[in-house]
Amino acid sequence: MATRRTTQTAPYRCTECGWTTIKWVGRCGECQQWGTVVEAAEQTGIVRSVTAVAPPPQRAARPITDVDTRDTPRRTSGVAEFDRVLGGGVVPGAAILLSGEPGVGKSTLLLEVAAQSARAGRRVLYASGEESTAQVRLRAERTGALHDQLYLASETDLATILGHIDDVSPDLLIVDSVQTVASSMSDGMAGHPSQVREVASTLIRVAKERHLPVIIVGHVTKDGSIAGPRLLEHLVDVVCHFEGDRQTSLRFVRALKNRFGPTDEVGCFDMTGEGIEEVPDPSALFLGHGDPVPGTCVTIA
């Protein structure tokens, strides 16, 4: 077999786009991402060609008209507004990324989704890397989200989360958040672009293999974009953004990317002291005229 040796001359490389430089810089000169330029060890090795491997019979290529989708119907999350944004429900094996500013209510929304799915008879695993199980339990008591089919785990190690998946065998997995989970297979601290990429790709691979829908929470930067490598948005199937004004209780969920449905739907919620409630008619919130009185009407001025 013909072989050749390759030598990497640039000692620093961007983990986001592959841009190289001879000295370390804080910001990539190609993709303009901060903190993605890391030292690349000099690689000297033998490059071999990839040989073809015969796929197993159950994974052989077949005509698209022969693919049966009856075994993968959409599952309702129990929250109608969230289902409408997703395109009718959660698709088995789908990877959903939910982003939003800190304190907007992402964890409260997903805890409600987890509770409603548990009430529907599905086993849910909620892996929290930011809160302890006692803290999640207190919020669940306040919002009425307690159920025996809802399993909690406070973990920041990816291998341990995978172990919980094997033990619980959930029908829905929620990871809050991807920036707090680290893998021993990648260098750097939790939240580093290489760690975020490794954790997200592993969770998505498990979701596809087990037909397990997974919802991943992602932090946002000061400019409102999702923190971490842009590759994260390309890996997942659905990207939803949870937003709202801190001064009001109204919250919105928008789909920025959806492989299984439209991206023009908006889900409305009302954040209350007892949790989050769906708002099927948002226009009624702005009327504010109280009980209907004979002789009154609503018009646009």
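A short reminder: the numbers here are calculations on the coordinates, not readings from a lab. Keep in mind it's a predicted model, so treat the numbers as computed, not measured. Cβ coordinates were reconstructed from backbone atoms using ideal geometry, including for glycine residues, and neighbour counts include every protein chain displayed.
Measuring from label point to label point, each 7 Å out along Cα→Cβ, what is the residue 230 to residue 17 span in nm?
Placing both labels 7 Å beyond Cα along the Cβ direction yields 0.7 nm.
Could you compute the longest span of the chain free of GluC sites (Glu not before Pro) located in DSSP loops and having at most 12 other Cβ atoms within 10 Å, not counting the site residues?
That gives 43-273 as the longest site-free run.
For the chain, which span is the longest to avoid every loop-located (per DSSP) member of chymotrypsin sites (Phe, Trp or Tyr not before Pro) having at most 16 other Cβ atoms inside 10 Å?
25-259
Is the shape of the stretch 50-189 best called rounded, prolate or oblate, per the rule: a/c under 1.5 gives rounded, else a/b larger than b/c gives prolate, else oblate, with a ≥ b ≥ c the square roots of the Cα gyration tensor eigenvalues?
Here the stretch 50-189 falls in the oblate category.
How big is the charge dipole of the chain about its Cα centre, in debye rounded to the nearest 20, if each Lys and Arg gets +1 on its Cβ and each Asp and Glu gets -1 on its Cβ?
So the magnitude is around 1180 debye.
Nearest-5 percent of antiparallel DSSP beta bridges in the chain?
55
Lys/Arg Cβ at +1, Asp/Glu Cβ at -1, dipole of the chain taken about the Cα centre: which of 40, 52, 126 is farthest positive-ward?
Positive-end residue among those listed: 52.
At 0.36 nm per residue, minus the direct Cα-Cα distance, what do residue 68 and residue 298 gain on full extension? Give it in nm, one decimal, please.
Taking 0.36 nm per residue and subtracting the Cα distance, the gain is 77.7 nm.
Below 28 Å, Cα to Cα, which lysines can residue 106 reach? Residues fewer than 8 away in the same chain don't count.
208, 222, 257
Going by a ≥ b ≥ c, the root eigenvalues of the Cα gyration tensor, does the stretch 149-301 fall in the rounded group (a/c under 1.5), the prolate group (a/b larger than b/c) or the oblate group?
prolate
What is the dipole size for the stretch 47-189, taken about its Cα centre, with +1 at each Lys and Arg Cβ and -1 at each Asp and Glu Cβ, in debye to the nearest 20?
Computed about the Cα centre, the dipole is about 440 debye.
Pull out a ≥ b ≥ c, the square roots of the eigenvalues of the alpha-carbon gyration tensor of the stretch 105-147, then state rounded if a/c is under 1.5, prolate if not and a/b is larger than b/c, and oblate in the remaining case.
Prolate is the answer for the stretch 105-147, as a/c is 1.5 or above and a/b outweighs b/c.
Would you please give the FRET efficiency between residue 132 and residue 159, computed as 1/(1 + (r/R0)^6) with r the Cβ-Cβ distance and R0 = 25 Å, to the nearest 0.05?
0.80
Take the Cα gyration tensor of the chain, multiply each eigenvalue by 5, square-root it, and list the three semi-axes largest first, rounded to whole angstrom.
Result for the chain: semi-axes of 40, 25, 20 Å.
Local charge sum around residue 188 (other residues, Cβ-Cβ under 15 Å, Lys/Arg +1, Asp/Glu -1)?
Here the charged neighbours net out to -3.
Which listed residue (238, 12, 267) has the Cα farthest towards the positive end of the charge dipole for the chain, taking +1 on Lys and Arg C-beta and -1 on Asp and Glu C-beta about the Cα centre?
12
For the pair residue 245/residue 274, report the inter-label distance in nm, with labels modelled 7 Å from Cα in the Cβ direction.
2.5
Gaussian network model of the chain, Cα springs within a sub-10 Å range: biggest mean-square fluctuation belongs to which of 188, 18, 88?
Sorting by GNM fluctuation, first place goes to 18.
Taking 0.36 nm per residue of separation and subtracting the Cα-Cα distance, what length does fully extending residue 31 through residue 185 add?
52.9 nm
Determine ³J(HN,Hα), in whole Hz, for all residues of the stretch 253-270 in sequence, where each value follows from phi through the Karplus function 6.51 cos²θ - 1.76 cosθ + 1.60 and θ = phi - 60°; x replaces Gly and Pro.
Once rounded to whole Hz, the list reads 10, 10, 9, 8, 8, 8, 7, 10, x, x, 10, 10, 8, 10, x, 10, 9, 10.
Per the chain: cysteines with no other Cys C-beta under 4.7 angstrom?
240, 268, 297
Let me check against my output: what whole-number percent is the relative contact order of the stretch 178-288, with C-alpha pairs under 8 Å and at least 6 apart?
Relative contact order of the stretch 178-288: 14 percent.
Among 21, 297, 280, whose Cα projects farthest towards the positive end of the dipole of the chain, with charges put on the beta-carbon of Lys, Arg (+1) and Asp, Glu (-1)?
Result: 21, furthest along the dipole toward the positive end.
What are the ³J(HN,Hα) values, in whole Hz, obtained from phi via the Karplus relation 6.51 cos²θ - 1.76 cosθ + 1.60 with θ = phi - 60°, for each residue of the stretch 95-104 in sequence order, with x given for Gly and Pro?
The phi angles translate into 10, 10, 10, 10, 10, x, 5, x, x, 6 Hz.
What is the sum of charges around residue 172, taking Lys and Arg as +1, Asp and Glu as -1, for the other residues whose C-beta is under 10 Å from the C-beta of residue 172?
+2
Hey, can you grab everything whose amide H is under 5 Å from the amide H of residue 31? Only 5+ residues off in sequence or another chain; H modelled, so Pro and N-termini drop out.
Long-range HN contacts for residue 31: none found.
Relative contact order (percent) for the chain, with alpha-carbon contacts under 8 angstrom and 6 or more residues of separation?
Value for the chain: 18 percent.
Please give the net charge around residue 129, taking every other residue with its beta carbon less than 14 angstrom from that of residue 129, where Lys and Arg add +1 and Asp and Glu add -1.
-4
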